[in-house]
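Comments concern the structure below.
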Amino acid sequence: MRPIDITKDLSIRSYVVLTGKSSLEIRTDTFQVDEVGSEQLVDVCHTVMVALDKTTNRPVQIRSLADGEEEQAARTEVVKQLRAKRAEQQQQIPSFQGKAPAPPKQDEMQSMHALIKEARDSAGADVEMMGDWTFTNSLMIYPERRNMHGKLFGGFVASTAYDLAYFCARAFCGGNLPFALGFDQMRFFAPVSIGDQLNFTARVVYTEGKIMRVWVDVEQLDPNLILGKGLGPSPGTLTNQMEFIFAHPSNDVTKIVPGSYTEVIRYLGAQRWQENTGPTEQHIVNYRSFIRSK
C-alpha cells in the first residue's frame, strides 16, 4: 500500500474478520507514523487458518464471529470482496497446479516458440537459460524452530525461502542490489517435522523489463534417496511453493528462457500473474522515488 521506512518503528494489529465451520480469516494491518506524526496504514495481510484438534490433528468446529461495530463490519465486507477477487483471479489466471491443470494456450505456446527461436538465433548472446539460474539450500530442522503444534514454524520456511530468492535475484543482477516488490503466491502442501531434512530450490522463472520473478520450491527429503554426493533423482515431497518479485535498481534485466517443458510451465505461470497483477513500471518508479527521498 505504501513503502515502509526501515528507520521507523512499525505497529502491527491483527483481527479475526471472517469465520467458517472450522476456518477463520485473519487480517493483519501494519502502521507507521509519517513525517507529520500521523499514523498511516502501510501494509495489509490476510491469512486463512484452520482450527485443528491437538490430538487427532483433524479440523474442529469454532465459534462464529458475531456482528460487531461498524469498523468490524467494514473489515468483513473487505474480506468478502477479496474472496470474490481471488475467485475471479483463479478464472483469469488458470493454474498449472492441481489435479486438472489448465494447459498452455495457443498464443502462449506461440510466444514460447518465438522466445526460444530468438535465443537459438542469437546463440544465447542476449538471453539466459532458466536452468543456469537455479540455486539450492539444504538444511536440517532443529527443535528450536518448532511451533506450538510441534511442527516447523511456517515463518522460518518463508524467511529461508526469501533469503535464497534474494540471493538468486542478486546473482541475476550481476551483483547489483535488487529491491523486493512483494510476492504473489505462497502455497502450503504439507507440514514439516522436527528432524526433517529440507531442500530449498530458487530459480528465476520470468523477466520483463526490470522485473524478475523468482520461484522457490521447498521439499522434504527422503533420507534413503539422498546420495553420497548430493540429492537423488527424486528429491522428496513438496511442502511449500512461493513466488517472489524483485526489480533491478536501474537497468532492464536479461531475458530468461526455459529449456524444458517443465520450465515452460513455470515461465507461463509467472507470466500470467505478471499480466494480471503487475507490478508495473510505474510501481517501480514510485518505489525508487520513495527510496531516494530517505
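Coordinate-derived values only; no laboratory data. Note that this is a predicted model, so its numbers are computed, not measured. Reconstructed Cβ throughout: ideal geometry from the backbone, glycine too, with neighbour counts over all protein chains shown.
Database remark: amide H of ILE194 closer than 5 angstrom to the amide H of LEU152 (H placed geometrically; neighbours at sequence offset of 5 or more, or on other chains; Pro and chain starts carry no H). As a calculated quantity, the FRET efficiency between GLN110 and ALA84 at R0 = 30 Å, using C-beta atoms, amounts to about 0.40.
Taking the chain as the region of interest, the number of lysine pairs whose Cα atoms are within less than 29 Å, with members eight or more places apart or on different chains, is 21. Output the Kirkwood hydrodynamic radius of the chain, Cα pairs only, in Å rounded to one decimal. Taking every pair of different Cα atoms in the chain, averaging 1/r and inverting gives 21.6 Å. Per residue of the chain, the DSSP helices (runs of n ≥ 4 H) give a summed -39500 (n - 2.57) that works out to -10000 deg cm²/dmol at 222 nm. Inverting the pair-averaged 1/r between distinct Cα atoms of region 11-92 gives 14.7 Å as its Kirkwood hydrodynamic radius. Rounded to whole numbers, the Karplus 3J(HN,Hα) couplings from phi for region 46-59 are 10, 10, 9, 10, 10, 7, 10, 5, 5, 8, 8, 6, 9, x Hz, using 6.51 cos²θ - 1.76 cosθ + 1.60 with θ = phi - 60°, and x at Gly and Pro. Once both labels are positioned 7 Å from their Cα atoms along Cα-to-Cβ, the gap between THR19 and ALA180 label points is 3.3 nm.
Any idea what the dipole of the chain comes to, in debye rounded to 20, about its Cα centre with Lys/Arg Cβ at +1 and Asp/Glu Cβ at -1?
Here the size comes out at about 640 debye.
Each of the peptides 265-278, 72-85, 35-48, 185-198 was scored by the mean count of other Cβ atoms within 10 Å over its residues; in descending order, highest first, they stand as 265-278, 185-198, 72-85, 35-48.
Using only Cα atoms, figure out Rg for region 169-208 and give it as a multiple of 2.2 N^0.38 Å.
1.61
Summary of packing: across the peptides 160-168, 2-10, the per-residue average of other C-beta atoms within 10 Å ranks them, highest first, as 160-168, 2-10.
Figure the gain on full extension for GLU144 and VAL60 (residue separation times 0.36 nm, minus the Cα-Cα span) and round it to one decimal in nm.
Gain on stretching GLU144 to VAL60: 27.5 nm.
Modelled spin-label separation between ILE6 and GLU39, with each label point placed 7 Å from Cα along the Cα-to-Cβ direction: 2.5 nm.
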